Amino acid sequence: MKRSRTGMTSSFRGQIVILTACVTAFAMIALTIVLQLILADLSRTNVDTVLEDRADAVVSTVSDADSQGLAVTSAELDTGVVVYDAQGASVAGVASSALADIYDELSTTGTTTYRTAGDTARVLALPFLSDAGDQGVVVLSERLGPYEAAERYALIVSIITGALATAAAAAIAAWVTTRALRPVGVLARTATDWSEHDLSRRFDLGAPTNEITALAATLDTLLDKVSAAIHTEQRLTADLAHELRTPLTAVQGAADLALLQGGLPPYAQEGLEEISAASHRMSETITTLLDVARNADSLRQAATCSIAAVVDDVTGKPAADGPGVEVRVEVVDHQVAAPHSVAVRALAPVLANALRFADSRVTVTVAASTTGMVDVVVEDDGPGVGRGDPDRIFQPGVSSTGGSGAGLGLSISRRMARSVGGDLELTDAGPPTRFVLRLPLA
């Protein structure tokens, strides 16, 4: 089972952790906004209460005055408190220069009025009637700086708390999901290993009473199906190989016997030699396919071969198609971890396909890559394989554009390569068309 480590979103555990962190962060942001709104409302209410208490105190002082008319001394007033008469003339107190315009505007108001001067102060204008029946207005202000500072500190605390809560939630989610999903990962890795090396093993955790035992039961069922499918394929392959070998042996024996008798006309001699050669090639192909179907794992460790010898063997055979096509070979020899026959069967269909569609030239290049593989690049100057899904041409029964074959060559070639841990890819649909056969270094 492959596990990507390039990012947290590549695993189910990472997705849960990220989702938990996002939900927690969203909740903390919403909570911070609500808290700031509540604090702003409380601050405004507190400021208004303070202004009202101070204004009532001033009105009480003015109402108790013994002199006729509004008589208030400035010494009795706090800073920023001004008393105006009915005509809006200042009786006592001095307004700050920053709020002078607002004080003048509110000096003749007939209703209780609140006014906010930016973020610096809150102003209250309170009309009153003295005991002597004289009307007046008291205007006073309260600085908002301390309240704004309290809100700012609350915001900082909320942000820090939200960040810590988000980090803690993510850490807890990572710890919980790691412990919860560890048995699932073990089951998946074990099932993968068994499916490749020992199809008879099973978990056998009993009846599915929870998610883990249910997964184990599902994997046991899947392993049963995989084992049955592989055994069915092996039996089918063996039966087909037997059914094909019997008539093929008869054809090959008859052709060889006729050649041994001699005295044949040239055209008959040539035809029998071609029949004998084709029979030998078909026999080798059947044997190789049968070995791959039966012992795909053991083939990876069974033998090594020279990639130069493989290329020489494949390019040295006469091509059935592509007359007049030049084959250029550039080989750096390496030992590959694959039997010679398997490597030949992996490369031969690729070269045959290139020869079939090339206009004038096919190039075979061999070089070792940095990934522990040997890359055999087969490039032709033909019209290309058309656009679309590049893997489609590797499907059994799908022929390249304009092809007349059964569409099995490239499919068999890829299967041969993958049976020894390599692969076959179409890296450029052309023109020019470029296939890369990768085989593991020995």
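The values are calculated or read from the model by the stated rules, or taken from the named source; none is laboratory data. Quick caveat: nothing in here was measured; it's all calculated off a predicted structure. All Cβ positions, even for glycine, are placed from backbone atoms using ideal geometry, and neighbour counts span all protein chains on display. The accessibility values were calculated without ligands, DNA or RNA, using every heavy atom of the protein model including side chains. Shrake-Rupley method; radii C 1.70, N 1.55, O 1.52, S 1.80 Å.
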**Request:** Please identify the pairs in which a residue from region 148-159 that is under 13 Å from M28 (Cβ atoms) has its Cβ atom under 8 Å from the Cβ atom of a residue that is assigned to a helix (DSSP H, G or I), counting only partners at least 6 apart or on another chain.
**Result:** L155/T32; L155/Q36; S158/M28; S158/L31; S158/T32; S158/L35; S158/Q36; I159/T32
**Odd one out for V91 among (1) surrounded by fewer than 19 Cβ atoms within 10 Å (Cβ to Cβ); (2) at pLDDT below 85; (3) farther than 30 Å from L37 by Cα** = (1)
**Message:** Every residue in region 415-429 that is in contact with a Gly (Cβ under 9 Å, 6 or more places away or on another chain) and open to solvent by 10 Å² or more (accessible area, probe 1.4 Å), please.
**Reply:** D428, A429
**Asked** Tell me, which residue of region 102-148 that is of a type in the set (A, V, I, L, M, F, W, C) and surrounded by fewer than 18 Cβ atoms within 10 Å (Cβ to Cβ) is farthest from V82 (Cα to Cα)?
**Response** A132
**Complete:** From the option list A188, A214, A171, single residue qualifying as in contact (Cβ under 8 Å) with a residue 40 or more places away in the chain and either surrounded by 13 or more Cβ atoms within 10 Å (Cβ to Cβ) or among the hydroxyl-bearing types (S, T, Y) (or both) is A188
**Asked** If only one of R361, R356, R294, R328 is surrounded by 19 or more Cβ atoms within 10 Å (Cβ to Cβ), of a type in the set (D, E, K, R) and either within 42 Å of the chain's Cα centre (by Cα) or modelled with pLDDT of 80 or more (or both), which one is it?
**Response** R356
